[in-house]
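Okay, structure first, notes after.
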Amino acid sequence: MKAVFTRPQALSDQATHYCPGCLHGIAHRLVAEALDELDLTERAVGVASVGCSVFTYNYFDCDFQQAAHGRAPAVATGIKRARPDSIVFTYQGDGDLASIGAAEAMHAASRGEKITVIFINNAIYGMTGGQMAPTTLEGQRTTTSPSGRDVSLTGHPLRMSEMLQGLPGVAYLARVSCHDVKHIRQAKQSVQKAFEVQREGLGFAMVELLSNCPTNWGMTPGESLKWLEENMIPYYPIGELKTPEAVTDHGE
Amino acid sequence: MDQDLQLVKGNEAVAEAAARAGCRYFFGYPITPQNELPAYMSWRLPELGGVYLQAESEVAAINMVYGAAGAGVRVMTSSSSPGISLKQEGISYLAGSELPCVIVNMVRGGPGLGSIQPAQSDYFQATKGGGHGDYRMVVLGPSDLQELVDLTYESFNIADRYRNPVMILGDGIMGQMMEPVRFPELLDPQTLPVKEWATTGRGGKRKENNLINSLYLDAEACWEHNQKLGEKYRQMKENETRWEILYEDAEFYFAAYGTTARIVKKALESLRQRGYSVGLVRPISLWPFPDQAFASLAEKARGYVVVEMSMGQMVEDVRLAVGSELPVEFIGTAGGVMPHPSDISDKMETLIREVGGHK
Ligand SMILES: Cc1ncc(C[n+]2csc(CCOP(=O)(O)OP(=O)(O)O)c2C)c(N)n1
Ligand code: SF4
């Protein structure tokens, strides 16, 4: 019998702790496939952030450092500067990257650090129980915006990718979504490119993956995918915001 | 060998000593009065094939140190009081993840933005934690530039030996003053033992992944981790306690560290010339605190005067070490003001008179 679908080599043989229907699992798989297909695992050093994905170091089969909340891009900077041959990536949620770690993300991008940032935007703080994030949509109910986010009080949801877009140090920037197969395939290409850009030493690379949190959104997994498509994508348009010429297109 | 003597500024002396110790990575953020240190590193490290990087904040700098230390290289950061406050989160993570590095604090007056003149008011922060959790780090308080050079060099060995951050606690005047020093040999970091635990990428050389981490969600596991750290701190106490005693046969003692100890030495000599039986206990490691030094004097000592450029911080450790039997007086300055030798000797004379000591 021929195996047609297996676990990527770069993922450990471990059950994850993610809730049923959570897209963190798919995002992990995309990163692992990129490491496999580009043959980078032996050089890889991941940086885990603080959020639901804090245990990523258990799920990837490569070296890892666990960073303080929001500091992953600074930690990655230290690793990459000390070991320029390593392939260094961070895996961060939106609370981690867009709120407490906005400065570290912005300046790593501005310096053109040759790292790959995987940014999971699920419009909420998952791990701490569903509080409002900077990325929470207008009107979205969370435990700390019980009547829905009021932008007159808390400002508008932060479009992190657009903020980074203008920085010359950024070599690759894309926003993708994981809500259906077609988009997951596009996401896979972007994640690969973000690692290629680092392999080629072109600069800072980030992929923002629109993701879900059925648990804290109070939805079934199916409902959450639909909600993501209908509410997040209009505010967070998907597509490549920046590409260097040197990176090839992986036609499907 | 006097041709080896070089006249240098304190901040530059630390930088060169670190480079000599094999440190090739520096991450920092500007703050007075330590700016000459990063400025020196910004040309010296690239010259040696290393990396100097100015971070966007002290928070970022200490986390860059974390990343580089985890990747197995000798790395340093420096700052002064307000910046060191921002590094506390990172220091806790470094200790929790057992990462070696050296942190220099050229202390200035506080609290808040304070002043830019020398102070010793970060003693509590340095020796009692500062960041969260049960952790310790070796804190060294040199009192002249040669000692600053020697302790900086040694601090990298201590950090590596215990996989723990080490702090050099100086002050504004120490960073700014010039003295002749002799530097140790320039060490090639390639000759240092390989850190097998470092996250270098497996590189096809090992099957197991290396992990730098301080998270133990299971309380029992976190307790185990703290036990392990506790044992390490016990070993530091056993092996890394340093002090100096001047005049071991005296009846009354000053206790002072760093720049203050130098000023105290002046007061001490004038008192001795006038026939007073006084000496000095100078803690060099501020953590571990040299309780032994005070214990060794218990038979003869009749009282202490603690002198600090603070409102009274180390004095608490001296009182713990000395016990309640003997008087422990305090005289301090704050905010960046330096103590005057005559005020210091007056304080001692008063104590001796009250206790009824010999002249
Ligand atoms: C300094 C600090 N502040 C707060 C926390 C608590 N905390 C843990 S996870 C988290 C939010 C994570 O949210 P996000 O980055 O969106 O990731 P998700 O859990 O949604 O995947 C917070 C605030 C912490 N660990 N450290
Ligand atoms: S809380 Fe939300 S983000 Fe976290 S694992 Fe569960 S579904 Fe995913």
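The values are calculated or read from the model by the stated rules, or taken from the named source; none is laboratory data. What you see is a predicted model; the values in this text were computed from it and never measured. Methodologically, a virtual Cβ is constructed for each residue, glycine included, from the backbone with ideal geometry; neighbour enumeration extends over all protein chains shown. The protein model used for the area step is the full one, side chains on, heavy atoms only, and it has no ligands, DNA or RNA in it. Shrake-Rupley method; radii C 1.70, N 1.55, O 1.52, S 1.80 Å.
In square nanometres, what is the average projected area of the Cα convex hull of chain A? Don't jump to the answer; show the numbers that get you there.
Numbers: hull surface 52.9 nm².
Average projection, Cα convex hull of chain A: 13.2 nm².
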Expressed as a whole-number percentage, the relative contact order of the range B:243-355 with C-alpha contacts under 8 angstrom and at least six residues apart is 30
Please work out the FRET efficiency for the pair B:Leu186 and A:Ser110, using the Cβ-Cβ distance as r and a Förster radius of 35 Å; give the result to the nearest 0.05.
-> 0.55
State, in square angstrom and to the nearest 100, the accessible area buried between chains B and A, both chains counted, probe radius 1.4 Å.
-> 2600
Mind giving me the nanometre distance, one decimal, between the label points for A:Glu245 and B:Met338, set 7 Å out from Cα along Cα→Cβ?
-> 6.1
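Give me a single rounded figure for B:205-216: the average over its residues of other chain Cβ atoms within 10 Å of their Cβ. Present the calculation step by step, with values, prior to reporting the outcome.
Values: counts 1, 2, 1, 1, 12, 5, 9, 11, 9, 2, 6, 0.
That average works out to 5.
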Pull out the extension gain between A:Ala15 and A:Thr144, defined as 0.36 nm times the separation in residues minus the alpha carbon to alpha carbon distance; nm, one decimal.
-> 43.3 nm
In deg cm²/dmol and to the nearest 500, what is the mean residue ellipticity at 222 nm of chain B if only DSSP H runs of at least 4 residues count, each as -39500 (n - 2.57), divided by the residue total?
-> -12500 deg cm²/dmol
Between B:Gln273 and A:Lys226, what FRET efficiency comes out of the Förster formula 1/(1 + (r/R0)^6) with R0 = 60 Å and r the beta carbon distance, rounded to 0.05?
-> 0.10
Specify the inter-centroid distance of the range A:31-89 and the range B:283-359, based on alpha-carbon positions, in whole Å.
-> 50
Kirkwood Rh, the range B:243-355, all Cα pairs: how many Å?
-> 13.6
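Give the average, rounded to an integer, of partner chain Cβ atoms located within 10 angstrom of each Cβ in A:81-90.
If you average over the peptide's residues, the count of other-chain Cβ atoms is 5.
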Please list, in chain and number order, the residues 5+ apart from B:Arg24 or on another chain whose amide H is under 5 Å from its amide H, with Hs placed from the backbone.
-> B:Arg74
Name the residues whose placed amide hydrogens come within less than 5 Å of the amide hydrogen of B:Arg302, ignoring near sequence neighbours (fewer than 5 apart) on the same chain.
-> B:Phe252, B:Tyr253
For the range A:36-151, what is the largest minus smallest coordinate of the Cα atoms on each principal axis, given in angstrom and ordered from greatest to least?
-> 49, 30, 25
Residue-by-residue Karplus 3J(HN,Hα) for the range B:279-295, coefficients 6.51, -1.76, 1.60, Hz, glycine and proline x = x, 9, 9, 10, x, 9, 8, 8, 10, x, 6, x, 3, 4, 4, 6, 4
Once the in-chain neighbours fewer than 8 apart are removed, the aspartates and glutamates whose Cα is under 17 Å from B:Lys207 read A:Asp13, A:Asp36, A:Asp39, A:Glu42, A:Asp61, A:Asp63, B:Glu196
Once amide H atoms are placed 1.01 Å from N in the peptide plane, what residues at a sequence separation of 5 or more from A:Gly148, or on another chain, have their amide H within under 5 Å of its amide H?
-> A:Thr142
Carbon/sulfur fraction of accessible area - the protein assembly as shown, other protein chains in place, 1.4 Å, % = 52
Karplus-derived 3J(HN,Hα), 6.51/-1.76/1.60, for each residue of the range A:154-169, Hz, glycine and proline x = 10, x, 8, x, 7, 9, 5, 4, 5, 5, 7, 4, x, 7, x, x
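For the range A:151-252, what is one quarter of the convex hull surface built on the Cα atoms, given in nm²? It would help to have the intermediate numbers written out before the result.
Details: hull surface 31.1 nm².
Answer in nm², one decimal: 7.8.
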Can you count the Lys pairs in chain A whose Cα atoms are under 22 Å apart, with each pair 8 or more apart or on different chains?
-> 11
Full extension between B:Lys207 and B:Ala219 adds, at 0.36 nm per residue less the Cα distance, a length in nm of 1.4 nm
Extension gain from B:Gln146 to B:Arg353, taking 0.36 nm per residue of separation minus the Cα-Cα distance = 70.8 nm
Find how many whole Å separate the alpha carbon centroid of the range B:187-251 from the alpha carbon centroid of the range B:57-118.
-> 17
Can you bin the protein assembly as shown into rounded, prolate or oblate? Criterion: square roots of the alpha carbon gyration tensor eigenvalues sorted a ≥ b ≥ c, rounded for a/c under 1.5, prolate for a/b above b/c, oblate for the rest.
-> prolate
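Taking only C-alpha pairs under 8 Å that are 6+ residues apart, what is the relative contact order of chain A in percent? Please list the in-between numbers first.
Numbers: 521 pairs, mean separation 46.8, N = 252.
Normalised by residue count, the contact order of chain A is 19 percent.
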For peptides B:46-52, B:149-155, A:97-103, sequence by mean Cβ density within 10 Å, most packed first | B:149-155, A:97-103, B:46-52
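Taking only protein heavy atoms and a 1.4 Å probe, what accessible area per residue, in Å², does the range B:243-355 have with all protein chains in place? Don't skip to the answer; put the middle values down first.
Details: 4640 Å² over 113 residues.
Per-residue accessible area for the range B:243-355 comes out at 41 Å².
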B:Arg262 versus B:Met311: modelled label distance in nm, points set 7 Å from Cα along the beta carbon direction | 2.7
Which lysines have a Cα less than 18 Å from the Cα of B:Lys205, not counting those fewer than 8 places away in the same chain?
-> B:Lys195
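With a ≥ b ≥ c the root eigenvalues of the C-alpha gyration tensor of the range B:1-81, is it rounded (a/c under 1.5), prolate (a/b larger than b/c) or oblate? Before the final figure, lay out each step's value.
On the way: a/c = 2.33, a/b = 1.43, b/c = 1.63.
In terms of gyration-tensor shape, oblate.
Per-residue mean of other chain beta-carbon atoms within 10 angstrom of the beta-carbon, peptide A:56-69? Walk me through the intermediate numbers first.
Values: counts 0, 5, 3, 0, 1, 3, 6, 14, 7, 14, 10, 9, 12, 1.
Per residue, the average neighbour count from other chains is 6.
Calculate, for B:Trp197 and B:Glu244, the FRET efficiency according to 1/(1 + (r/R0)^6) with r their C-beta to C-beta distance and R0 45 Å; round to the nearest 0.05.
Numbers: r = 35 Å, r/R0 = 0.78.
Efficiency at R0 = 45 Å is approximately 0.80.
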With the 8 Å Cα cutoff and a minimum separation of six or more residues, chain B has a relative contact order in percent of 18
